[in-house]
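Visitor: So that we are looking at the same thing, I have put the structure below in structure tokens.
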Amino acid sequence: MPSLESEIEGIIETFTNNLKQRKFKGSRDLALNSVQLWKKIIGQMKWQNARELMDKIKEIGKDFQETSPSETVIGNMTRRMLKIVRDEYAMLQKGKQEDSDLQESLQKILTADEVDVDYSKNIPLLKPAIMEHIGEFLIELESSEIDISAQALEHIHANEIIMTIGYSKTVFAFLKTAAKDRAFQVIVAECAPFYHGHKLAADLAEAQISTTLIPDSAIFAMMARVNKVIIGTHSVMANGGLKAVCGTHTLALAAKHYSVPFVVCAPMFKLCPEYVCSLDQDGFNQFASPEEVLSNDEGMLVSRVNVYNPIFDYVPPELVTLFISNTGGNAPSYIYRLLSELYHSLDVQL
Amino acid sequence: METGKKVQSEGSEKTKQEIMAERKAKKAEKAAKKSQPIKTTEHGAVTILSESIQTNTVKADETGKSKADLKAERRQKQEAQRAAKAASVTEGKQSVAPKVQQGKRIPDQIQADRPSVEKRLVKRYVSQKVPQLPPAERKVQLFSHLQQQERTLELLTKDLAVNQSKIHPAVIKLGLQYASGIICGSNARAVALLEAFKRVISDYSTPEQKELSRDLEVSLKPCINFLKQCRPISVSMGNVIRFLKRHITNIPSESTDVQAKKCLHEEIEKYIHENVELAGKTICEEASKKISSGDVILTYGYSSLLLQILLKAFNEDNKKFRVIVLDSSPRSEGLQFLRRLVAFKIPSVYMLISGASYVMPEVNKVFLGAHALLANGNVMSRVGSSQVALVAKAHNVPVLVCCETHKFCDRVQTDSFVFNELGNPDDLVAAVKGKPSVHSIANWRELPKLSLLNLTYDVMPGDLVTAVITELGSVPCTSVPVVLRVKHAETVQLTSP
């Protein structure tokens, strides 16, 4: 029906515009919005069978990806949708209502890859099953921050000195929850040129946590006294490496030098099945305006000097000690397993 | 080794025995005085206390008369000790060595958390009419052993009388230049200090019945304390002061004022010429050999020596290289460095220190300046340099530190906490002033749990440094104590009678 399709196109366009104008405040906001969008699309769109649905999802998802290539969350959510469709289809195919076999053995993952499931059967119960699953997924997304914060007391002991960089909502909630029952200190690196650390320091101080704000240059100097580094990240790559705010690699190296545990708080929707092969690859790094670094007041210099302002940094998995996600704590070496539960290998290439 | 120790202990025992004998004599005197009728006044309680405690400290216990007596005794004792020391020096140098090892003073500026030290400092400043600064409202706990004061130009000059004679006006000017950051950088501060001292020495006149070699040193003390209040003195300045004191005490007592001043002026000029100018030229030659055409060189912050090196390599030796300048708030010294590079048309790139990991894969060499080189091989430099060295090591890029030998010091430090300088915390807020997108923490003092930390220096572990380029050649970090020993031997040779 044309009106339905145009309606769907309408909401897709709104979403794409918001994406281009960067109206989403943070990954969680973006994830929630995109899943709600998918819910609407899948609910209202006309499709006959799972194969058709998946193709349509892939098409739309690809468009989103091209609009904003460095926002990995969109790609992640698209792949989650695809995995949900596949799972529900597989379950209904078997005809039994048992839980999907989460205990896929390593052998199964390695060998059973090329079994071509035929998704073209029309199963009437598929749509409500998918919608229900998406609903559960949304609830999981919304409570991801709370689930991570609930683990705070297991990781922070009394009188610790914790270091963090920039502003991460996840880390803020984590520390705030821990501060209700434990006394500790936080050192925040301000993370130039955006200085998000200032906001975190002010918020932590208002939450009655002893905070010290330091410039980025003092990270190595202060690391000698830090007990733990807890940071948030933009995404977690398939090998367990991080795509995080610029300055995180230095922080990780300093932590390694002093053997300080490097803990990353990242909800599951940030887990991305892509790898970083080179720091120059497309979509990995973005550059913000050089005016933040060298302001245009310095007219004489600006015209004669190259100024770079990278936003992201890559942190290799050897420097990370622990990932804390809404499902619990994991080592970087376990990420591959989590990936196989979240996404299907055929969907990695959208 | 053992015989040396024995001689040491003998020498110290001798002086110890002397002291013990004098103590016994004094005790006997005290006892004799007590047998006289004691004045039962308010001092009565004090005398009973001093009896029971029987300490050796000379307190005005009974009457004003005995105070003068005790003072005269003390002076006699000091003269006797001085004579004894002079005698032992002519015998051999053994008694000098144990004194140095036993009495190594911990500098006052890292004992701000000890009230006894603070009290002593305050007393000294009051007697020398040096302005005192109020302590900072919000101190960072980890650094409570360092001076944290509210330091502004108004507070420094508030109680300074116009015509007071203790602090020379050239020194006041210098102090204010230090405090406001107009003169910044190890070399610049040392040279400016020497120039100011030249003025002080030329305006100095020996009062009657005093010797220039003793009194000049005493008159320099309030000047030095004032400078310490303006800004904690750097290692290069400390070496300058030690050098000057050594030469002042070695002035023969029969020389006239004019001769002595001339001699001191020559020494000062020689120090500047040899240790700063010639050393700089030698280091430039050496470092320029390490730069090849097509190199990408990374620097951090501002170093006057590095600027000289790069200019020489680019202009005189005609090497074509690119420079990447890293910078950090709040000081933005890299910007000053960049300006000068651009003025000389050296192709440059400018970034913040958080981007170090981004650029490091394309860097060939990292050149850093130093504030001081410590005796255990660590490098004390502007805060952030050690971070740059760490990232360079992780990417296998060689790190070359360029430092003249007058900045070497015999202090040892393993971390950046024990000995550091804390800058003005409001600088962190000032650095983001014009940016509307940044959450303003200008009201940080209203948040009792928030403190801002503005470190000045950090200590780089020696294993992050590939080589140190000095005027004595390129040495590894571990050779610093060797160089110090050689220098010490030279100075002892030069100044021995």
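Visitor: Tally the residues that are part of a helix (DSSP H, G or I), within 7 Å of chain A (Cβ to nearest Cβ) and farther than 22 Å from A:Ala218 by Cα, restricting the search to the stretch B:311-353. Steps first, please.
Guide: Narrowing the stretch B:311-353 to residues part of a helix (DSSP H, G or I): B:311-316, B:333-343, B:353.
Among the residues that remain, those that are also within 7 Å of chain A (Cβ to nearest Cβ) are: B:338-339, B:342, B:353.
Adding the requirement that they be farther than 22 Å from A:Ala218 by Cα leaves B:339, B:342.
Matching residues across the stretch B:311-353 total 2.
Visitor: Turning to a different aspect of this structure: Can you name the number of the only condition in (1) surrounded by fewer than 24 Cβ atoms within 10 Å (Cβ to Cβ); (2) in contact (Cβ under 8 Å) with a residue 12 or more places away in the chain that B:Asn396 fails?
Guide: Among (1) surrounded by fewer than 24 Cβ atoms within 10 Å (Cβ to Cβ); (2) in contact (Cβ under 8 Å) with a residue 12 or more places away in the chain, B:Asn396 violates only (2).
Visitor: Read through the list (1) out of contact with any helix residue (DSSP H, G or I) (no Cβ under 8 Å at 6 or more places or on another chain); (2) within 29 Å of A:Pro124 (Cβ to Cβ); (3) in contact (Cβ under 8 Å) with a residue 60 or more places away in the chain, then give the number of the only condition that A:Ser70 fails.
Guide: Result: A:Ser70 passes all but (2).
Visitor: Where residues in the stretch B:245-275 are part of a helix (DSSP H, G or I) and among the hydrophobic types (A, V, I, L, M, F, W, C), which of them is surrounded by the fewest Cβ atoms within 10 Å (Cβ to Cβ)?
Guide: Checked the stretch B:245-275; the qualifying residue surrounded by the fewest Cβ atoms within 10 Å (Cβ to Cβ) is B:Val258.
Visitor: Under 6 Å by Cβ, and 6 or more places apart or on different chains, what pairs join a residue from the stretch A:303-319 that is facing chain B (nearest Cβ under 8 Å) with one that is buried (at least 17 other Cβ atoms within 10 Å of the Cβ) and in a strand (DSSP E or B)?
Guide: A:Val305/B:Ser348; A:Val305/B:Tyr350; A:Asn306/B:Val349; A:Val307/B:Tyr350; A:Tyr308/B:Met351; A:Asp313/A:Ala244
Visitor: With crowded, with 19+ Cβ neighbours inside 10 Å and not hydrophobic (A, V, I, L, M, F, W, C) as the only criterion, which of B:Pro476, B:Pro425, B:Pro436 stands out? Steps first, answer last, please.
Guide: Values: B:Pro476 fails: crowded, with 19+ Cβ neighbours inside 10 Å; B:Pro436 fails: crowded, with 19+ Cβ neighbours inside 10 Å.
Of B:Pro476, B:Pro425, B:Pro436, the one residue that is crowded, with 19+ Cβ neighbours inside 10 Å and not hydrophobic (A, V, I, L, M, F, W, C) is B:Pro425.
Visitor: Would you be able to tell me the number of residues in the stretch A:10-49 that are free of Cβ contacts under 8 Å to residues at least 40 places away in the same chain, part of a helix (DSSP H, G or I) and surrounded by fewer than 17 Cβ atoms within 10 Å (Cβ to Cβ)?
Guide: Taking the stretch A:10-49 as the starting set, the residues that turn out to be free of Cβ contacts under 8 Å to residues at least 40 places away in the same chain are A:10-11, A:13-14, A:17-18, A:21-25, A:29, A:33, A:37, A:40-41, A:47.
If we keep only those that are part of a helix (DSSP H, G or I) too, we end up with A:10-11, A:13-14, A:17-18, A:29, A:33, A:37, A:40-41.
Narrowing further to those that are surrounded by fewer than 17 Cβ atoms within 10 Å (Cβ to Cβ): A:10-11, A:13-14, A:17-18, A:29, A:40.
Looking only at that region, the number is 8.
Visitor: Exactly one condition in (1) within 16 Å of B:Glu137 (Cα to Cα); (2) in a loop (DSSP other than H, G, I, E, B); (3) within 8 Å of another protein chain (Cβ to nearest Cβ) is false for B:Asp415; which is it?
Guide: (1)
Visitor: For the stretch B:378-412, which positions are more than 10 Å from chain A (Cβ to nearest Cβ) and of a type in the set (Lys, Arg)?
Guide: Listed by number, the residues that qualify are B:Lys407, B:Arg411.
Visitor: Another question, if that's okay. What's the number of the only condition in (1) farther than 21 Å from B:Ser186 by Cβ; (2) at pLDDT below 90; (3) crowded, with 21+ Cβ neighbours inside 10 Å that B:Leu452 fails to meet?
Guide: With respect to (1) farther than 21 Å from B:Ser186 by Cβ; (2) at pLDDT below 90; (3) crowded, with 21+ Cβ neighbours inside 10 Å, B:Leu452 is out only on (2).
Visitor: Still on this structure, please answer the following. Does the stretch A:319-334 contain any residue that is in contact with a Cys (Cβ under 6 Å, 6 or more places away or on another chain) and either under 25 Å from A:Asp216 (Cβ atoms) or not hydroxyl-bearing (Ser, Thr, Tyr) (or both)?
Guide: Within the stretch A:319-334, the subset in contact with a Cys (Cβ under 6 Å, 6 or more places away or on another chain) is A:324.
Narrowing further to those that are either under 25 Å from A:Asp216 (Cβ atoms) or not hydroxyl-bearing (Ser, Thr, Tyr) (or both): A:324.
Yes, some residue in the stretch A:319-334 is in contact with a Cys (Cβ under 6 Å, 6 or more places away or on another chain) and either under 25 Å from A:Asp216 (Cβ atoms) or not hydroxyl-bearing (Ser, Thr, Tyr) (or both).
Visitor: Any residue in the stretch B:243-254 that's at pLDDT below 85: show its pairings with residues that are assigned to a helix (DSSP H, G or I) at Cβ separation under 7 Å, as long as the two are six or more apart or on different chains.
Guide: These pairs meet every condition: B:Ser253/B:Ser213.
Visitor: Specify which of the listed residues (B:Gln81, B:Gln148) is surrounded by 16 or more Cβ atoms within 10 Å (Cβ to Cβ) and either over 30 Å from A:Gln185 (Cβ atoms) or at pLDDT below 80 (or both).
Guide: Numbers: B:Gln81 fails: surrounded by 16 or more Cβ atoms within 10 Å (Cβ to Cβ).
Step by step, each of B:Gln81, B:Gln148 is checked, and only B:Gln148 is surrounded by 16 or more Cβ atoms within 10 Å (Cβ to Cβ) and either over 30 Å from A:Gln185 (Cβ atoms) or at pLDDT below 80 (or both).
Visitor: Looking for something closer than 23 Å to B:Leu155 by Cα, of a type outside the set (Gly, Ala, Ser) and touching a Leu at 6+ places or on another chain (Cβ under 9 Å) - is there at least one such residue anywhere in the stretch B:209-222? Talk me through it step by step, then tell me what you get.
Guide: Applying the first criterion (closer than 23 Å to B:Leu155 by Cα) to the stretch B:209-222 yields B:220-222.
Now narrow it down to the ones that are of a type outside the set (Gly, Ala, Ser): B:220-222.
Applying the additional criterion that residues be touching a Leu at 6+ places or on another chain (Cβ under 9 Å) yields B:220.
Looking for residues that are closer than 23 Å to B:Leu155 by Cα, of a type outside the set (Gly, Ala, Ser) and touching a Leu at 6+ places or on another chain (Cβ under 9 Å), one finds at least one in the stretch B:209-222, hence yes.
Visitor: Quick one: is B:Asp203 out of contact with any helix residue (DSSP H, G or I) (no Cβ under 9 Å at 6 or more places or on another chain), modelled with pLDDT of 85 or more and not polar (S, T, N, Q)? Working first, answer last.
Guide: Numbers: out of contact with any helix residue (DSSP H, G or I) (no Cβ under 9 Å at 6 or more places or on another chain): no; modelled with pLDDT of 85 or more: yes; not polar (S, T, N, Q): yes.
No.
Visitor: What number goes with the only condition from (1) surrounded by 12 or more Cβ atoms within 10 Å (Cβ to Cβ); (2) touching a residue at least 12 places away in the same chain (Cβ under 8 Å) that B:Glu118 does not pass?
Guide: Going through (1) surrounded by 12 or more Cβ atoms within 10 Å (Cβ to Cβ); (2) touching a residue at least 12 places away in the same chain (Cβ under 8 Å) one by one, B:Glu118 breaks only (2).
Visitor: Can you go through A:Glu7, A:Glu59, A:Glu52 and tell me which one is surrounded by fewer than 20 Cβ atoms within 10 Å (Cβ to Cβ), acidic (Asp, Glu), over 27 Å from A:Asp280 (Cβ atoms) and modelled with pLDDT of 90 or more? Step through it out loud before you land on a result.
Guide: On the way: A:Glu7 fails: modelled with pLDDT of 90 or more; A:Glu52 fails: modelled with pLDDT of 90 or more.
Within the list A:Glu7, A:Glu59, A:Glu52, the selection yields A:Glu59.
Visitor: Looking at the stretch B:276-296, is at least one residue assigned to a loop (DSSP other than H, G, I, E, B), crowded, with 19+ Cβ neighbours inside 10 Å and either within 14 Å of chain A (Cβ to nearest Cβ) or of a type in the set (Gly, Ala, Ser) (or both)? Can you show your working first?
Guide: In the first step, residues of the stretch B:276-296 are kept if they are assigned to a loop (DSSP other than H, G, I, E, B); the result is B:291-295.
Retained after the next criterion (residues that are crowded, with 19+ Cβ neighbours inside 10 Å): B:291.
Checking which are either within 14 Å of chain A (Cβ to nearest Cβ) or of a type in the set (Gly, Ala, Ser) (or both) leaves us with none.
So far as the stretch B:276-296 goes, no, none of its residues is assigned to a loop (DSSP other than H, G, I, E, B), crowded, with 19+ Cβ neighbours inside 10 Å and either within 14 Å of chain A (Cβ to nearest Cβ) or of a type in the set (Gly, Ala, Ser) (or both).
Visitor: Can you tell me which residues in the stretch B:418-454 are closer than 24 Å to B:Ala112 by Cβ, more than 8 Å from every other protein chain (Cβ to nearest Cβ), of a type in the set (Lys, Arg) and free of Cβ contacts under 8 Å to residues at least 60 places away in the same chain?
Guide: Residues satisfying the conditions do not exist here.
Visitor: I've got another one for you. Specify which of the listed residues (A:Ala205, A:Ala183, A:Ala266) is under 26 Å from the mean Cα position of the chain (by Cα) and of a type in the set (Gly, Ala, Ser). Steps first, please.
Guide: Numbers: A:Ala205 fails: under 26 Å from the mean Cα position of the chain (by Cα); A:Ala183 fails: under 26 Å from the mean Cα position of the chain (by Cα).
Selected residue: A:Ala266, the only one of A:Ala205, A:Ala183, A:Ala266 that is under 26 Å from the mean Cα position of the chain (by Cα) and of a type in the set (Gly, Ala, Ser).
Visitor: Okay, moving on. Please list, ordered by residue number, the helices (runs of 4 or more DSSP H) wholly in the stretch A:186-286 having 1 or more residues that are among the β-branched types (Val, Ile, Thr) and at the interface with chain B (Cβ under 7 Å from one of its Cβ atoms). Spell out the reasoning first.
Guide: Values: elements: A:196-206, A:219-223, A:248-257.
Those helices (runs of 4 or more DSSP H) span A:219-223, A:248-257.
The values are calculated or read from the model by the stated rules, or taken from the named source; none is laboratory data. This structure is a prediction, so every number in the text was calculated from the model and none was measured. Positions of Cβ are backbone-derived with ideal geometry, glycine not excepted, and every protein chain shown enters the neighbour counts.
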